[in-house]
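The values are calculated or read from the model by the stated rules, or taken from the named source; none is laboratory data. Just so it is clear, the structure is predicted and the values come from calculations on it, not from any experiment. Here the Cβ positions follow ideal geometry from the backbone for every residue, glycine too, while neighbour counts run over all protein chains shown. All accessible areas refer to the heavy atoms of the entire protein, side chains included, with ligands and DNA or RNA removed. Shrake-Rupley method; radii C 1.70, N 1.55, O 1.52, S 1.80 Å.
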Amino acid sequence: MEQFRPRLLEAAAQMSVLLSDRQQDQLLEYLALFARWNSAYNLSAIRDPEQMLERHIIDSLSVVNLCGEGSLIDVGSGGGLPGIPLAIVHPERAITLLDSNGKKTRFLFQVASTLPLPNITVVNERVEAFVPELSFAGVVSRAFASIEDMVNGSEHMLAPRGRFYAMKGKLPEDELSALPKGIKVEQVHRLSVPGCDGERHMIQLCRTE
């Protein structure tokens, strides 16, 4: 995957994301593992490693400086997006990866131990069923069908002053008008993702009280 280093660095620079040599190595090793495990574990419909770099890793890097501070849980993490890039860029930050699919969480364990990423905790459980010992400062997701489902499924994990961070393509006006009671949009970030032609947004939500 060494051939992708220049593209990774170029995209990171465009997004003002600083990557150390070690972080570059970890992201490329993650890409290699993702590509290797993908066919057997169905992590993504994308099969081409170059497209994986663009549409998964660079896309995830676009939000690494927008997810606040403190403990974070990536709900419906799948192949570890955006949680693993977040954990690589912020090694001091405790990040939990939650997914109900056993194959995918086995892959996440493998990544966390191989790279290694000691700041990651992997949990194989349904979102609604997982009750953490301590609530999280932030809940992030790239995979939920709707923001309403994301909030309803994971609000019990969020600290009183915590934030939801929903990664979306086009701004979903209909979803924002159907937010659960007590939840409001705090900020909308229009993302500029190198190599991505479509619209990308990060929607930050908080409780109204």
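How about K104: which lysines have a C-alpha closer than 25 Å to its C-alpha, ignoring those fewer than 8 places off in the same chain?
Within reach: K168.
As a test of reading the structure, rank D174, D149 by solvent-accessible area (1.4 Å probe, protein chains only), most first.
Descending accessible area places them as D174, D149.
Quick one: grab the alpha carbon gyration tensor of region 13-99, order the square roots of its eigenvalues as a ≥ b ≥ c, and give me rounded if a/c is under 1.5, else prolate or oblate depending on whether a/b is larger than b/c.
Here region 13-99 falls in the oblate category.
Of V127, Q23, T105, which is farthest towards the positive pole of the chain's charge dipole, taken about the Cα centre with +1 and -1 on the beta-carbons of Lys, Arg and Asp, Glu respectively?
T105
Given axes a ≥ b ≥ c from the Cα gyration tensor, I'd like to know whether region 43-86 is rounded (a/c under 1.5), prolate (a/b larger than b/c) or oblate.
Cα axes put region 43-86 in the oblate bin.
How much accessible area does E186 have with a 1.4 Å probe, in Å² rounded to the nearest 10?
In the full protein context, E186 sits at about 80 Å².
Stretch D197-L9 to full length: gain in nm at 0.36 nm per residue minus the Cα-Cα span?
65.8 nm
Percent antiparallel among DSSP beta bridges with both residues in the chain, to the nearest 5?
Among the beta bridges of the chain, antiparallel pairing accounts for roughly 45 percent.
How far is it, in nm, from the label point at L134 to the one at Q110 when both lie 7 Å from their Cα along the line to the Cβ?
So the label points at L134 and Q110 sit 3.1 nm apart.
Checking the a/c ratio against 1.5 first, then a/b against b/c, what shape does the Cα gyration tensor give for the chain?
prolate
Using a Förster distance of 35 Å, how high is the FRET efficiency between R161 and S16, based on the Cβ-Cβ distance and rounded to 0.05? Show your work: numbers first, answer last.
Details: r = 27 Å, r/R0 = 0.76.
After rounding to 0.05, the efficiency reads 0.85.
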